[in-house]
Amino acid sequence: MTTAAIRISDKTPSAALRWFAWGVLGYFIATILWGTVVRATGSGAGCGDHWPLCNGTVLQQSPTLQTMIEFAHRITAALDMFCVLGLLVWTWRRTVSGHLARWAAGAAVFLTLTEGALGALLVKLGLTAQSQSPLRAPMLALHLSNTLLLVAALAMAAHFLGRRIGYRWRDVHISAPVGTTIGMISVMIVGVTGSMAALGDTLFPASSLSASIDQDFASSVAGHVTGEAGWLLRWRWTHPTVAIFASIFLIWLLIRAARRSGPWDNRALSGLVVGLLAVQYLLGGLDVWLLAPVWMQVVHLLGADLLWSALVVLTARLTLLPIAPKG
């Protein structure tokens, strides 16, 4: 056995590292769900405009419920950074040079930093609670886009750590990059429009399904002309429309998964994506029917995060293919 072979063998990712990577992804998704509770309950201003301190202090005296919800989210979000740093260090020590998991873990650290910075901006600019500032929607869209990229980086890190072939850049070739890129961006747009719809539900809650439909198409909301803030209500019907168009990419991807022969059997993962997609459509319908209660928004977002994670892994399997050995 050559020295190079021994070096690679000694740096094979352990099962513990792989489970830790999936655990970090799970923990981050839980943090996202708690962030939804913060937004849906109007608790984003629970710590005032102070960041990273809460109301200018660390220990809270007689905190309100909103303060406890927001402060708990900040603590869990801070722990995210320790988790991704631990993942990066462990991955770097247990993988060879050029390993794809190193790139994914490094991207996760960078995106965690930008995630915190965007969250801080939302607080410092007062774009929380019932704020109807025209800056809130684009900032929220940017924040969610970063969140989706972070979830994708963590999912890919866990996937690459489990690969036994095609785990270095020089050992893979990229298949259908243009179609895949367009498709994944379209799915991200679905997520962003969903966040806009949820924000509209928070700022302009409806008393009934008929009132909700009236709001979607009315020229005014609660006596105020629909403009920079009221247009958010339009996303309640735009979001499912965009989701239908994004499904075209999913169908294309699933057809590729069914036809392609390669080192992985993608049937089980493809079935999971189909199942999660069907559940998402069901949850979306219930979300509208039940007028988007907080618990329903959390469940709907959980389904979306699971679907996105499974889709990222399936896409990586179909796009970053191992190069066949010569001879």
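Of all the numbered requirements in (1) in contact with a helix residue (DSSP H, G or I) (Cβ under 6 Å, 6 or more places away or on another chain); (2) closer than 23 Å to TRP169 by Cβ; (3) not in a helix (DSSP H, G or I), VAL24 misses one, and that requirement is (3).
ARG164 meets each of the listed conditions (1) within 30 Å of VAL96 (Cα to Cα); (2) modelled with pLDDT under 90 apart from (2). Here ALA141 fulfils each of the conditions (1) more than 30 Å from ARG102 (Cα to Cα); (2) within 15 Å of the chain's Cα centre (by Cα) apart from (1). Would you point out which residue out of MET156, MET188 is at pLDDT 90 or above, out of contact with any Leu (no Cβ under 7 Å at 6 or more places or on another chain), of a type outside the set (Asp, Glu) and crowded, with 17+ Cβ neighbours inside 10 Å? Testing whether each residue is at pLDDT 90 or above, out of contact with any Leu (no Cβ under 7 Å at 6 or more places or on another chain), of a type outside the set (Asp, Glu) and crowded, with 17+ Cβ neighbours inside 10 Å leaves just MET156. Residues of region 276-321 being outside any helix (DSSP H, G or I) and either out of contact with any helix residue (DSSP H, G or I) (no Cβ under 9 Å at 6 or more places or on another chain) or on the phi < 0 side of the Ramachandran plot (or both), which ones? Once the filter is applied, which keeps residues that are outside any helix (DSSP H, G or I) and either out of contact with any helix residue (DSSP H, G or I) (no Cβ under 9 Å at 6 or more places or on another chain) or on the phi < 0 side of the Ramachandran plot (or both), region 276-321 yields LEU290, PRO293, LEU320, LEU321.
Summed over region 258-288, residues that are surrounded by 12 or more Cβ atoms within 10 Å (Cβ to Cβ), modelled with pLDDT under 85 and of a type in the set (A, V, I, L, M) total 1.
For region 150-189, residues that are part of a helix (DSSP H, G or I) and not polar (S, T, N, Q) total 25. All conditions in (1) of a type outside the set (A, V, I, L, M); (2) over 24 Å from LEU25 (Cα atoms); (3) surrounded by fewer than 13 Cβ atoms within 10 Å (Cβ to Cβ) hold for TRP295, with the sole exception of (2). Checked against the criteria, ARG102 does not count as over 22 Å from GLY119 (Cα atoms), of a type outside the set (Phe, Trp, Tyr), over 24 Å from the mean Cα position of the chain (by Cα) and part of a helix (DSSP H, G or I). Among residues of region 64-107 being surrounded by fewer than 20 Cβ atoms within 10 Å (Cβ to Cβ) and of a type in the set (Ser, Thr, Tyr), the one that is nearest to GLY162 (Cα to Cα) is SER97. Based on what the data block shows, is GLY35 surrounded by 16 or more Cβ atoms within 10 Å (Cβ to Cβ), modelled with pLDDT of 85 or more, in a helix (DSSP H, G or I) and on the phi < 0 side of the Ramachandran plot? Taking the combined requirement at face value, the residue satisfies it. Just one residue in the set LEU144, LEU148, LEU118, LEU127 is in contact with a Lys or Arg (Cβ under 6 Å, 6 or more places away or on another chain), over 29 Å from LYS11 (Cβ atoms) and buried (at least 16 other Cβ atoms within 10 Å of the Cβ); that residue is LEU127.
The values are calculated or read from the model by the stated rules, or taken from the named source; none is laboratory data. Not measured: the values here are computed from a predicted model. Every residue, glycine among them, receives a Cβ derived from its backbone with ideal geometry; neighbour counts consider all protein chains shown.
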